[in-house]
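Quick note: the coordinates plus some simple rules give every number you see, no bench work behind them. Just so we're clear, the structure is a prediction, and the values are computed from it rather than from any experiment. Here Cβ is always computed from backbone atoms with ideal geometry, including for glycine, and neighbour counts include all displayed protein chains.
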Amino acid sequence: MKLFLNSLKGRVISWYFISTLFLLTIISLLTYQEVKEAIYQTMDETLHSKLQIITGLLHKEGNVLELELSETVSGEYSIPRSGHYYKIVINKNETIFSPSLVFRNFRFIPNTNKILNNENKENFYFSKGPNNDFIRVLQKDMVFMGNTVQIFIAESIEENLKVLKKLYFFLLAVVPVSLLIFGIFAFYITKTSLKPLEKFSEEVNNISHKNLSKRLNLNEQISELEQLTFSFNNMLDRLDRVFTLEKLIVSEASHQLKTPVTVIKSYCDVTLLKKREIEKYIETLKIIKETSENMNQLINNMLTLARLDSGILNREHLRKIYLNECVENAILLSKTLADKKQINIKLDTLEKVSVFGDKEKLSEAILNIIENAIKYNHNNGSIEIKLKVINNLACLTISDTGMGIKPDDLKYIFDRFYRSDSVKNEEGTGLGLPIAKAITEIHQGNISVKSEFGKGTTFIINLPVFNEKF
Ligand code: ADP
């Protein structure tokens with residue numbers, strides 16, 4: 001049962017069942033009540049007309065009030081216990097009564113409250129007749145030709161009760177039968193309505209990491225499902241992109257790490273073949289140290305990218321910081337490298353600019369670009385750095401007089417592990433620019449490049465200036 005209620009089908013059917021039961025019960029109760037009231041109203045109107053006829057037949061004979069004999073009072077009223085009765089009490093002692101009543105002193109004792117019809121000053125109530133059957137009574141007190149007269153007109157309601165009883169059992173049977181029919185209907189409707197959802201789930205089940213490029217068929221007949229399929233396919237697009245990227249990273253990383261590990265192993269193998277001079281060991285250890293430093297750089301870069309991808313740096317970590325301080329940090333950190341190649345770093349303009357960001361990460365992004373400007377520069381070359389605010393954007397440009405980038409390479413330099421052929425003899429991981437790009441984008445900024453092969457390269461970073469609304 002719990003399993004059934006946990007399913008969508010079960011819930012729809014249960015709600016359908018409960019609401020139908022509620023609705024049918026209300027309708028049945030109202031119908032019964034309405035019919036009952038209509039029957040009693042018709043009966044009361046009949047009693048009222050009969051009272052008027054009987055009142056019309058009252059007349060005075062000498063000093064005595066009498067009821068004129070007519071067909072009306074001799075017909076149905078003449079048969080004992082016929083179910084049609086009248087009784088007239090004059091001045092509380094004299095009684096005229098219909099032969100159908102059998103006893104002169106028969107009393108119409110109320111067994112329900114009397115309901116007064118104000119308009120005609122008539123009282124209506126239920127009582128028991130001479131047959132012990134249920135009767136409806138109309139009682140009217142009046143003064144007629146100087147006499148106090150109390151008139152009772154009564155009709156048996158046994159026939160009406162039978163009709164009401166039939167209606168009662170009919171409605172009692174209608175509710176479960178209708179429920180059953182509605183239930184079958186609801187089951188059929190939910191089953192057919194949920195079929196496309198089952199098909200959808202089947203299609204989703206067939207998608208795994210092996211066929212992430214597969215997409216779900218759009219179901220245009222059901223708008224909700226169309227929207228769901230659309231969102232699902234969008235999610236698959238995103239997953240596919242990330243998955244492909246992950247695969248690329250894993251294969252590139254293993255490829256990149258394989259070379260230094262092979263270098264280290266070969267040097268160890270060759271050196272250990274025989275006993276050598278101490279200088280040879282020192283030389284081997286130096287090579288191993290240098291190679292492992294490169295490996296360390298690669299692993300650190302991969303870790304940084306993986307952390308950025310996982311959303312470790314989100315807007316909650318950002319504060320008001322000064323971009324000019326990040327530039328100064330990066331210049332300081334790259335000084336040793338620049339000095340080795342006698343490269344002059346010129347700070348053209350350095351405006352004090354605040355941005356909403358992470359100081360450490362922005363310094364790292366700028367450092368990656370300055371280090372490239374040094375690495376891919378000639379000895380005695382120069383680098384020019386400007387930081388200005390243009391149209392509410394912090395605009396940082398880093399230009400070098402280096403080798404420049406070939407136009408064919410330009411569109412790939414922000415791709416992970418991409419290195420142009422012209423720099424293959426320089427140490428590098430191909431991850432410096434992707435890291436700089438990811439950091440800039442997390443800060444809602446962008447990075448672009450202009451280069452002329454053989455003359456130099458300029459990187460431009462634009463970041464929104466800090467404003468209180470951040
Ligand atoms: P790495 O420098 O470790 O190779 P990057 O991602 O930092 O990796 O740079 C990617 C490629 O872009 C470099 O291999 C190089 O070909 C090119 N590049 C980047 N900056 C410069 C620059 N200032 N001058 C010339 N080429 C550059």
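Observations, loosely collected:
- Measuring nothing but how far apart in sequence close Cα pairs (under 8 Å, 6+ apart) lie, relative to its length, the chain scores a relative contact order of 9 percent.
- Computed FRET value (nearest 0.05) for I207 with L30, which takes r as the C-beta separation and R₀ as 60 Å: 0.65
- More than 30 angstrom apart: percent of Cα pairs within the chain: 71
- Among G62, S251, I288 the positive-end extreme of the charge dipole of the chain (Cβ point charges): I288
- Zone residues, the stretch 333-367, relative to E325, backbone N less than 17 Å from point 7 Å out along Cα-to-Cβ: 333, 350-367
- Inter-probe distance in nm under a simple model that places probes 7 Å from Cα toward Cβ, at K424 and E66: 14.3
- Efficiency of FRET from Cβ geometry, S231 and I53, R₀ 60 Å, rounded to 0.05: 0.15
- Difference of contour (0.36 nm per residue) and Cα-Cα distance, E220 to N314: 30.1 nm
- Taking the stretch 317-341 and a reference point 7 angstrom along Cα→Cβ of K289, the backbone N atoms nearer than 19 Å belong to 336-337, 340.
- Label point at E198 placed 7 Å out along Cα→Cβ; residues across the stretch 5-21 whose backbone nitrogen lies under 18 Å: 5-14
- For the chain, the longest principal axis of the C-alpha atoms and the axis of helix 8-57 are separated by about 20°.
- Nearest-0.05 FRET efficiency for L161 and Y188, computed from C-beta distance (R0 51 Å): 0.80
- When peptides 421-431, 112-122 are sorted by average Cβ neighbour count within 10 Å, with the highest value leading, the order is 421-431, 112-122.
- Overall form of the stretch 170-319 per C-alpha gyration tensor (a/c, 1.5; a/b vs b/c): prolate
- Full-stretch length increase - N296, I282 - with 0.36 nm per residue and alpha-carbon distance subtracted: 3.0 nm
- Kirkwood's formula applied to the C-alpha pairs of the stretch 248-384 gives a hydrodynamic radius of 18.2 angstrom.
- Translational diffusion coefficient (Stokes-Einstein; Kirkwood radius from C-alpha pairs) of the stretch 44-134 at 4 °C, 1.567 mPa s, in µm²/s: 91
- Set of aspartates and glutamates with alpha-carbon distance to K275 below 20 Å, sequence-local pairs under 8 removed: E283
- With both labels modelled 7 Å from their Cα along Cα-to-Cβ, the V250 to K352 distance reads 5.1 nm.
- When only the Cβ of Lys, Arg, Asp and Glu is charged (+1, +1, -1, -1), the dipole of the stretch 341-462 relative to its Cα centre reaches about 140 debye.
- What you get for the chain, charging only the Cβ of Lys and Arg (+1) and of Asp and Glu (-1), is a dipole of about 1320 debye around the Cα centre.
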